[in-house]
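**Student:** My questions all concern the structure below.
Rule-based calculations on the coordinates, nothing more; no lab input. Worth saying up front: this structure is predicted, and the values here are computed from it rather than measured. Glycine gets a Cβ as well: all are built from the backbone with ideal geometry, and neighbour counts include every protein chain shown.
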Amino acid sequence: MTSTHTQAHASAAARKAAANRVNAKPGRKVFVRILRCDGPGQPSRWETFSVTIERGANVISCLQQIAANPITSDGTRSTPVVWDSGCLEEVCGACTMVINGKVRQSCSCLIDDHAPTEGDTITLEPMSKFPVVRDLWVDRSRLFHNLKRVKAWVPIDGTYALGPGPSESAESQEQRYVMSTCMSCGCCLEACPQFNVEPDPAAWDTAFVGAHALNQARLFNQHETGRRMKGERLDALMGTGGVNDCGNAQNCVKVCPKLIPLTESIAVIGRATTIHAFARWFSGK
Ligand code: SF4
Ligand code: SF4
Ligand code: FES
């Protein structure tokens with residue numbers, strides 16, 4: 001799917017959501033069906049709760065209602081559902097979960113858009129590519145580990161004044177801005193057929209690094225100061241688990257909530273690793 005097709009698909013979904021929002025009646029009851037799990041290694045089970053929806057309710061406000069009164073729709077007392085969140089404005093990425101089968105942020109998911117009618121059901125599941133801590137809360141440590149693999153930072157540590165950094169053109173800032181909006185949410189990894197659960201941290205360094213890390217490598221390789229570590233980043237991405245493990249399924253770019261051109265970033269990194277490999281070969285290093 002091209003980026004034009006992706007945008008058309010996204011705008012069709014946005015139009016449907018807007019139409020639902022207009023027709024949604026406040027005060028209606030909606031069922032929230034949740035895949036629950038008491039902890040790592042524990043079996044999962046479905047529980048359904050009935051929630052009263054006010055105008056502007058999002059998935060998190062439903063979870064708060066359930067936490068205040070954790071009684072299932074068949075009248076059984078349960079426990080408050082656990083989830084992760086921070087900013088409540090689609091910036092921190094912590095509240096990501098699978099909602100009606102699509103990975104996205106729960107804080108920005110409005111119930112009026114997805115369950116506009118009395119008796120509608122909305123389904124919540126934890127992301128499947130990360131270990132469940134409890135209920136809808138997953139452990140995204142591997143996502144952050146993979147950012148360390150590609151040294152996704154600018155090298156400015158030190159105990160002395162570094163002076164002003166090199167200036168950066170407005171064009172470069174503009175191009176890099178969208179890449180910098182990544183919030184480490186994990187949507188691109190959840191959708192990627194090459195990224196699978198890896199419970200053993202010892203295997204993380206050779207498993208596929210993921211689209212988010214490839215994009216961050218591009219972001220920092222194009223930064224005037226960050227590019228000093230370009231060779232180290234490309235070294236990390238040339239081996240097992242690097243850019244060549246991407247199967248080009250392009251699922252990642254379809255689900256990124258920040259509309260980051262991930263497949264473009266993957267292509268840029270792919271070309272850069274090829275050039276880097278030739279340069280190393282010719283220099284005998
Ligand atoms: S293009 Fe690569 S990173 Fe993106 S979903 Fe496909 S395999 Fe994963
Ligand atoms: S690249 Fe997009 S989908 Fe992936 S972690 Fe960043 S914001 Fe989320
Ligand atoms: S709570 Fe931060 S993105 Fe949803």
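**Student:** Full-extension gain between Asp139 and Asp200, please, as 0.36 nm times their residue separation minus the C-alpha to C-alpha distance. Mind dumping the intermediate values first?
**Tutor:** Values: separation 61, 0.36 × 61 = 21.96 nm, distance 1.30 nm.
So the chain would gain 20.7 nm between Asp139 and Asp200.
**Student:** Using the Cα centre of the chain as origin and beta-carbon charges of +1 (Lys, Arg) and -1 (Asp, Glu), tell me which of Ile275, Pro40, Val103 is placed farthest towards the positive end of the dipole.
**Tutor:** Positive-end residue among those listed: Ile275.
**Student:** How big is the dipole moment of segment 1-159 about its Cα centre under a simple scheme where the beta carbon of each Lys and Arg is +1, that of each Asp and Glu is -1, and everything else is neutral? Debye, nearest 20, please.
**Tutor:** Values: 20 positive and 15 negative charges, 73 e Å.
In debye, rounded to 20, segment 1-159 gives about 360.
**Student:** Between Arg77 and Asn248, what FRET efficiency comes out of the Förster formula 1/(1 + (r/R0)^6) with R0 = 51 Å and r the beta carbon distance, rounded to 0.05?
**Tutor:** Values: r = 49 Å, r/R0 = 0.96.
So the FRET efficiency works out to roughly 0.55.
**Student:** Which GluC sites (Glu not before Pro) in segment 115-182 pass both tests, a DSSP loop state and at most 15 other beta-carbon atoms within 10 Å?
**Tutor:** Glu118, Glu168
**Student:** Kindly write out, for segment 250-260 in residue order, the coupling ³J(HN,Hα) from the Karplus curve 6.51 cos²θ - 1.76 cosθ + 1.60 (θ = phi - 60°), rounded to whole Hz, with x marking Gly and Pro.
**Tutor:** Once θ is set to phi - 60°, the couplings for segment 250-260 become 6, 5, 4, 5, 6, 10, 5, x, 9, 6, 6 Hz.
**Student:** Helix check for the chain. Which DSSP H runs span at least 20 Å along their own axis by Cα, with a mean Kyte-Doolittle hydropathy no less than 0.5?
**Tutor:** 262-283
**Student:** Non-local amide H neighbours of Asp120 (under 5 Å, H modeled in plane, Pro and chain starts lacking H): which ones?
**Tutor:** Those qualifying (amide H under 5 Å, at least 5 residues apart or on another chain) are Phe31.
**Student:** What is the sum of charges, Lys and Arg at +1 and Asp and Glu at -1, for the other residues whose Cβ falls under 9 Å from the Cβ of Cys107?
**Tutor:** Neighbour charge sum, excluding Cys107 itself: -2.
**Student:** If amide hydrogens are placed 1.01 Å from N in the peptide plane, which non-local residues have theirs closer than 5 Å to the one on Asn58?
**Tutor:** Amide H neighbours of Asn58: Ile111.
**Student:** Longer than 25 Å from Cα to Cα, which of Lys102/Lys148; Lys25/Lys254; Lys102/Lys230; Lys29/Lys254; Lys16/Lys102; Lys102/Lys151 are they? Say none if no pair is.
**Tutor:** Those over the limit are Lys102/Lys148; Lys25/Lys254; Lys102/Lys230; Lys29/Lys254; Lys102/Lys151.
**Student:** Report the gain in length on full extension from Arg45 to Val154: 0.36 nm times residue separation, minus Cα-Cα distance, nm rounded to one decimal. If you can, show how the numbers build up before the last one.
**Tutor:** On the way: separation 109, 0.36 × 109 = 39.24 nm, distance 4.40 nm.
Separation in residues times 0.36 nm, less the Cα-Cα distance, equals 34.8 nm.
**Student:** Between segment 187-208 and segment 22-89, how many Å separate their Cα centres?
**Tutor:** About 29 Å separates the Cα centre of segment 187-208 from the one of segment 22-89.
**Student:** Treat every Asp and Glu Cβ in the chain as -1 and every Lys and Arg Cβ as +1, leave all other atoms uncharged, and give the resulting dipole magnitude about the Cα centre to the nearest 20 debye. Mind dumping the intermediate values first?
**Tutor:** Working: 31 positive and 27 negative charges, 72 e Å.
The dipole of the chain has a size of about 340 debye.
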